[in-house]
Structure formats: structure tokens, C-alpha cells
1. Which listed residue (Thr174, His243, Pro88) has the Cα farthest towards the positive end of the charge dipole for the chain, taking +1 on Lys and Arg C-beta and -1 on Asp and Glu C-beta about the Cα centre?
2. Roughly how many Å is it from the Cα centre of segment 81-99 to that of segment 172-202, as a whole number?
3. With the cut-off at 25 Å, tell me which of the pairs Lys105/Lys178; Lys48/Lys91; Lys28/Lys178 have Cα atoms farther apart than that.
4. Can you give the helix-only mean residue ellipticity at 222 nm for the chain, where every DSSP H stretch with n ≥ 4 adds -39500 (n - 2.57) and the sum goes over all residues, rounded to the nearest 500 deg cm²/dmol?
5. Using Cα-Cα distances under 8 Å and only pairs 6 or more residues apart, what relative contact order does segment 1-158 have, in percent?
6. At a Förster radius of 22 Å, what calculated FRET efficiency corresponds to the Cβ-Cβ distance of Leu193 and Lys3, to the nearest 0.05?
7. Using alpha-carbon pairs under 8 Å, 6+ residues apart, how would you state the relative contact order of segment 96-213 in percent?
8. Take the Cα gyration tensor of the chain, multiply each eigenvalue by 5, square-root it, and list the three semi-axes largest first, rounded to whole angstrom.
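Read-outs throughout are calculated quantities, based only on the coordinates presented, and are distinct from any laboratory measurement. Because the structure is a prediction, the values reported are computed rather than measured. Cβ coordinates were reconstructed from backbone atoms using ideal geometry, including for glycine residues, and neighbour counts include every protein chain displayed.
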Amino acid sequence: MVKGPGLYTDIGKRARDLLFKDYQNDHKFTITTQTSTGVEITSTGVRKGELYLADISTKLKNKNITSDIKVDTNSSLRTTITVDEPAPGVKAIFSFIFPDQKSGKVELQYLHEYAGISTSIGLTANPIVNFSGVVGNNLVAVGTDLSFDTASGNFTKYNAGLNITHADLIASLTLNDKGDTLNASYYHIVSPLTNTAVGAELSHNFSSNENSLTIGTQHALDPLTHLKARVNNYGLASALIQHDWSPKTRFSLVGEVDTGAIGKSAKVGLAVALKP
């Protein structure tokens, strides 16, 4: 694997994962099996309030080519074909959603010791072209993320970001929403042995002059049990516990309470992932 600045999506990723990943108030059940021919089949059921959703996906890897096909309850068929290393540092991804004829997309990613580039183009007569690039190294990286609509001739997205890594801390600064939102995040590893870390993200919206702040922490009670907690400036506090019954089975429980309205019922999310 190439060591370098990574892709633009890696800017601020450690803090985002700490503060937002796996926090879900739905009820989710996933089971994954593998056939004798190497095909991996995953079935997922989710309850979102009174709504029930389900999907089934199959994944097959042949040398450096991975095919992933997913069918959901909306009668959509999503196909993704990934080719790893057709050339050194390059990854090619082709995806489309049936029956959406405008969903086809080809993406190329390139990772270098001092750069990371991702570009994609829609397979339509007037496609949207996406480009993101990062330059730097594994300590300091600066990048941009752009989308251009060839139909209108306008940029639909232009973001910029800065990532600084030093020993046990990562600081990131991004300018999003066409320059209307400024995000600053911080991730600090307190103890690698217990996977203990703290993080924070501060966001300012210039048009509304609103600020939002989220702080959180994580800690491993033991190699099989992990805890996370977070709170934001709106008074929403959440906690997450994940326990691996076995290397292939994970149980997750999430709770969220509005500290400004204690009388309201807490939201509870449950996720079980089985891989026999």
C-alpha cells in the first residue's frame, strides 16, 4: 500500500468516524454467508420507525476484480465492479443502478507517495464530472474537491481541505458548500493500547451565522468490547457499545437522549451482524 496523503475523502476521516460512524437509531440485522465457490452473500434488514427495508448483495472476487451486486426493496439493482491495480497505484470503479439509466459512472483513483487523485464521469450525454486531488505526504496534505455539470456549464461543488498529522493527533480544516461552511476537526489518540481517543468537530455556516460543535471519545474495555460517546451543542448525547461475540459476530447498541428534554423517550438503535 502506498503511504502518502491519501484521497480527499481521507481529510478529517478519523474524527468523522469517531464522532459519527455506527451511531444509528434504527434496528438492523445483517447475515453474511459464503458459498463453496467463493461468492459472499449478505442479507440486510433495517427497521426505520414504521418503515421496513431490506436488501441482498453478492460479492465475488476473482484475482484483482471484485463484482458487487445489490438488490433492495425498492426494486433497484446496484452493480459495482472494482479493478485493483490495473497499473501501479491505480484503482478503477464502474457502477450503475438499474433501472436508472443516468446512474452509470466510471471512476479512477490514483495513489502516489506525494499525491492522491480521484476522478469520475457519468455515462450520459451531458455528464457530471467529479475531480478531487490531494498533494502532500502522510504528515501534511492539502486538497480540493470539484464537480462540474457539463449540461449547465457550472460548478456544482467546490470544496477545499487541509490535513495535518503529527504523532498521536490529526487536525483538519475544510471549506464546504461552495465556501459557505467551514469545518474544523481534531482527533487525538490518548492510549493506543486501549484504543482510547478523543475528537471534536466545529462547524460554522456563514450564510446563517450558525455554529455546531460535537465532541466525543472512544475506549476499548477489552479486545472484544468497544465504547463510544458524544455530545453536541444542541444537547443531544449519544452512547454506543459494540461487542464481538466472535471474530465473525458483532452486536451494537446505541442510545441517544436529548438533555434539554429529559422527559422525551430516548432513542435506541440495535445492530447485529452475523458471519457464520
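1. Checked the options; the winner is His243.
2. 30 Å
3. Over 25 Å apart, Cα to Cα: Lys48/Lys91; Lys28/Lys178.
4. Values: 1 runs with 8 residues, N = 276.
Only helices count here, giving -1000 deg cm²/dmol.
5. In percent, rounded to a whole number, it is 18.
6. 0.40
7. Relative CO of segment 96-213 lands at 12 percent.
8. 30, 28, 22
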